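Worksheet: the structure to be examined is printed underneath.
The values are calculated or read from the model by the stated rules, or taken from the named source; none is laboratory data. This one's a predicted model, so the numbers in the text were calculated from it and none came from an experiment. Ideal geometry is used to build each Cβ from the backbone, glycine not excepted, and the neighbour counts take in all protein chains shown. When the accessible area is computed, the model is the full protein with side chains, heavy atoms only, and any ligands, DNA or RNA have been set aside. Shrake-Rupley method; radii C 1.70, N 1.55, O 1.52, S 1.80 Å.
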Amino acid sequence: PHVNGPEEHMSTRVSATAKMTAACQELLHQRLQIPLAATAELASLRTMMLTGRAEMPALRQMIGSETVRATLGALAPAAFGRACNALTATGASGAASAVLAASAQSELTDAVSTAEAVIADAARALTADAFVDAGAELGYSVSVCAGARTTGVELRRGHELILLRIRNGGTVESDHAGLTDAACGDRQ
């Protein structure tokens, strides 16, 4: 808790969770230079990968989507390149074909995981940037501490203190103190 004087009262804790709107999703995809449908297609691809071992034709079809190619090529080029190499290998039959399919599926799984992590991190950074910019515009002094999966933002103005924890993916938790009664809820 933050107390600056004997007559100052702390406000009650206010917690909130924010979801990224469609406009923010568009900005995120622009920032990463990936197609707007990328997150939906990656989720579909992940679901398909979890259903079991896919055959070479099915794997080739999965990566045939321009959205998937553009997204994985940009965000996970190494793993996606290895998956593509395994999928374009010719002349394999029987057990060798099954080994190539398993290798391709493993590399695709790695590529999707990497791409999803990059997107989640970018959503966190975009959300933190929005709070930093808004706080500065509203006259708060702003401090930021960015970690591997979480960013902390501290906004101070007079006796008022807002603490934000922004997780990968853009989920926000907040604590607002320094105002009397429920004024912090009105302020938020």
Per Stokes-Einstein, at 25 °C and 0.890 mPa s, what whole-number D in µm² s⁻¹ belongs to the stretch 29-143, with the Kirkwood radius over Cα pairs as the hydrodynamic radius?
157 µm²/s
Cα-derived Rg over Rh, computed across the stretch 56-121 with Rh taken as Kirkwood radius
1.00
How large, in percent, is the carbon and sulfur part of the accessible surface of the stretch 51-147 at a probe radius of 1.4 Å?
57 percent
Can you send over the solvent-accessible area of Arg69, 1.4 Å probe, protein chains only, in Å² to the nearest 10?
100 Å²
Starting from the 7 Å offset along Cα-to-Cβ, what nm value, one decimal, do you get for the label separation of Ala136 and Ala58?
5.0 nm
Could you pull out every residue, at least 5 positions away or on a different chain, whose amide H is within less than 5 Å of the one on Ile34? Hs are placed 1.01 Å off N in the peptide plane, and Pro or chain starts have none.
none
